[in-house]
Amino acid sequence: MKFKIDENLPGEFAELLRAVGHDALTVLDEGIVGAPDAEILLRCQEERRALMTLDLDFSDLRTYPPGDYLGLVVFRVRSQNKKILISTLRKVIPLLDEEPLANHLWIVEEARVRIRGDEK
């Protein structure tokens, strides 16, 4: 799978995903730090990448219908501490091969992952 890691997540996300065979780029890698959400999503669509982010705006199904994207993964954790975020990603990585991501929104918490499909 191909991922774009938003600027609000640790760069280590890309490294961990690459280590298990995924193609992952960060917003920093591409020099688009601070770009508007619409530009980030347009890049994701053009590059056929799923977005990983802490930005809860992307969990709004009316504004960002999952069916329009190759996957939206929103981390909703109790703390934005790097260690907690990385630990949470490690728990999610096995699910990437088991659950649908394209056209879905994943809300990732420390103890669970909620998956919402396109509800058009």
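Just the protein heavy atoms count here, and of the accessible area of the chain at 1.4 Å, carbon and sulfur take up 47 percent. Computed from backbone phi with θ = phi - 60° and the Karplus coefficients 6.51, -1.76 and 1.60, the 3J(HN,Hα) list for region 55-72 is 6, 5, 4, 5, 8, 7, 5, 6, 7, 10, x, x, x, 8, 9, 7, x, 10 Hz; x is used for glycine and proline.
Judged by the gyration tensor of its Cα atoms, with axes a ≥ b ≥ c, region 27-79 is oblate; a/c meets the 1.5 cut and b/c is at least as large as a/b. Based on protein heavy atoms only, the chain ends up with 53 Å² per residue of surface accessible to a 1.4 Å probe. Of Ala14, Ala35, Ala102, the residue with the greatest mean-square motion in the GNM of the chain, using alpha carbon springs below 10 Å, is Ala35.
The values are calculated or read from the model by the stated rules, or taken from the named source; none is laboratory data. Please read these numbers as outputs of a predicted model, since none were measured by experiment. Just the protein is used for accessible areas: all its heavy atoms, side chains included, with ligands, DNA and RNA removed. Shrake-Rupley method; radii C 1.70, N 1.55, O 1.52, S 1.80 Å.
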